[in-house]
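Notes to accompany the following structure.
The values are calculated or read from the model by the stated rules, or taken from the named source; none is laboratory data. The structure presented is a predicted model; accordingly, all values stated were derived computationally and were not measured. Counting neighbours? That spans all protein chains shown, and the Cβs are built from the backbone with ideal geometry, glycine included. Remember, those area values only see protein heavy atoms, side chains included, never the ligands or the DNA or RNA. Shrake-Rupley method; radii C 1.70, N 1.55, O 1.52, S 1.80 Å.
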Amino acid sequence: MPSVTHDGQRWSNAERDRVELLPYDPSWPALFAAEAAALRAQLGEFAPLVIEHVGSTAVPGLAAKPIIDIVLIGPDTAAWPRLIEPIQALGYVYWADNPRRDRLFFVKGMPPFGTRRTHHVHVRLPDDAQAMLRFRDHLRAHADVAARYAALKYELAAQNPTNRDAYTAAKTDFVSEVLRYAAPAR
């Protein structure tokens, strides 16, 4: 599926940007910590931003695409446009075709700008970030649910190896089910 960068450039990279899952890698938390430190150093003037590790790489033992998902949580959307350039300076591409005005999204390493995705940065309001945190925390606390999620992800990756949008959309019902009974984020 074609994507758009901040400058309006379009490309389709589905064959080079495949959905590939790996067994859990214990280095993922350290990769998050290093990137969070780089983001804090780059974005210090934008305090208070909360930086959290989310997504499957944040759940010990869970198979995942080897992409570190990071959420920056900040209450002042008026300042968000000023985040774009400093985050890009760390090697991220700003995903400009996001239809929501209350979210920003950045990708590091995505072809053709790199050899493979390594990091995603999601910028969210506190209330909007809660679902990501609740889902992560629930999977961390319930190995049986995490195992069901892993099985679903392997099945969907096999069905959609070059369609990230379809892969992600097909997980929606499972995520929604978990969020119906997951405790509020800490």
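General remarks:
- Residue that is most open to solvent (accessible area, probe 1.4 Å) [pool: residues in the range 96-111 that are modelled with pLDDT under 85 and more than 16 Å from Ile67 (Cα to Cα)]: Arg101
- Per-region count, the range 38-57, residues assigned to a loop (DSSP other than H, G, I, E, B) and of a type in the set (A, V, I, L, M, F, W, C): 3
- Test for Ala131: is it free of Cβ contacts under 8 Å to residues at least 24 places away in the same chain and in a helix (DSSP H, G or I): no
- Criterion: open to solvent by 60 Å² or more (accessible area, probe 1.4 Å), more than 16 Å from the chain's Cα centre (by Cα) and closer than 22 Å to Trp28 by Cα - qualifying residue of Ala141, Ala185: Ala141
- Across the range 134-186, the qualifying residues are those that are of a type in the set (Lys, Arg) and outside any helix (DSSP H, G or I), and the one among them that is modelled with the lowest pLDDT is Arg186.
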